[in-house]
Amino acid sequence: MPLLELQNVTKAFGAVVVADELSYSLAEGEALGVIGPNGAGKTSMFNLITGTFAPNSGSLHFCGKPITTLSAADRCRAGIARSFQIPQPFSGMTVFENLMVAATHGARDSISKANRHCLEVLEKTGLIDRANAPAGSLTLLGRKRLELARALCARPKLLLLDEIAGGLTEHECRELVDTINDVRKEGVSIIWIEHIVHALLSVVDRLIVIDFGRKIADGDPAETMALQEVREIYMGVDADG
């Protein structure tokens, strides 16, 4: 049984189609990469999975149960958590307080259990020294780590990462990849949207390519990247080049 399944999911805003009969499944423990040009509908797909958007048609299942009509809060409590492309911390709260919100409202941990889990996640994500710092004072790398840490504190079965490596230096990117791979070892399934392809390929088992809301390729990462259609659409390589 797939952990997540999208079946012919379609979403349009007027004439703008952001998901066009999108179908795929994700196995438990799998890491799936998602690439595509800007405006292809990648983040909209996350919004459909998390319940921010409701599809016009199609269905979504998580852990074998229909979630198409569930609220975003209920999907979070069921085990779906995400990071945002542009970090959105509670800037006036400390790093630790940001994590406690996720642990108590997302995972519904007791205060004592949430405290322990948040400290573990702070260690894992390299934020322990910044635990009492205002979230708004963090560097870009720190804010990216906070996005990841806050999602992990919701105890997800499925973690959605939206361009979490964007804007980082090569060294920072490698550190982040190491952290994501550590998360994978704990059995968390991942869907990762990313333009930093070398980072993505060092984590994922499988790659899908989206263009104009439609899935155009799905398979082994290296083989998918080598497809002529992918090279033309995503990488801007001329078909005759």
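Laboratory data are not the source of any read-out in this text; all were calculated from the coordinates shown. This one's a predicted model, so the numbers in the text were calculated from it and none came from an experiment. Positions of Cβ are backbone-derived with ideal geometry, glycine not excepted, and every protein chain shown enters the neighbour counts.
Quick look at the values:
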{"quantity": "Euclidean distance between Cα centres, region 179-233 to region 54-71, Å", "calculated": "23"}
{"quantity": "Sequence-distant aspartates and glutamates (8 or more away, or on other chains) whose Cα lies within less than 13 Å of LYS215", "calculated": "ASP20, GLU21, GLU229"}
{"quantity": "Ranked MET100, MET1, criterion: other C-beta atoms within 10 Å, fewest first", "calculated": "MET1, MET100"}
{"quantity": "At most 14 other Cβ within 10 Å, DSSP loop - GluC sites (Glu not before Pro), region 147-215", "calculated": "GLU186"}
{"quantity": "Unit charges on C-beta of K, R, D, E only; dipole of the chain, Debye", "calculated": "1100"}
{"quantity": "Cα gyration tensor shape for region 68-211, rounded if a/c is under 1.5, else prolate or oblate", "calculated": "oblate"}
{"quantity": "Cα gyration tensor, region 88-154 - rounded (a/c under 1.5), prolate or oblate", "calculated": "prolate"}
{"quantity": "Cross-link reach list, lysines versus LYS144, counting only Cα pairs under 27 Å and skipping chain neighbours closer than eight places", "calculated": "LYS42, LYS113, LYS124, LYS157, LYS185"}
{"quantity": "Hz values of 3J(HN,Hα) by residue in region 108-115 - Karplus curve (6.51, -1.76, 1.60), Gly and Pro given as x", "calculated": "6, 6, 5, 4, 5, 5, 5, 4"}
{"quantity": "Inverse of mean 1/r across different Cα pairs in the chain, Kirkwood, Å", "calculated": "18.3"}
{"quantity": "Descending Cα extents along the principal axes, region 1-77, whole Å", "calculated": "34, 25, 20"}
{"quantity": "Residue (of GLY106, HIS117, LEU138) at the positive-pole extreme of region 88-154, dipole from beta-carbon charges", "calculated": "GLY106"}
{"quantity": "Relative contact order of the chain, defined on C-alpha pairs under 8 angstrom at six or more residues apart (%)", "calculated": "26"}
{"quantity": "Span from the region 1-31 Cα centroid across to the region 78-117 one, whole angstrom", "calculated": "26"}
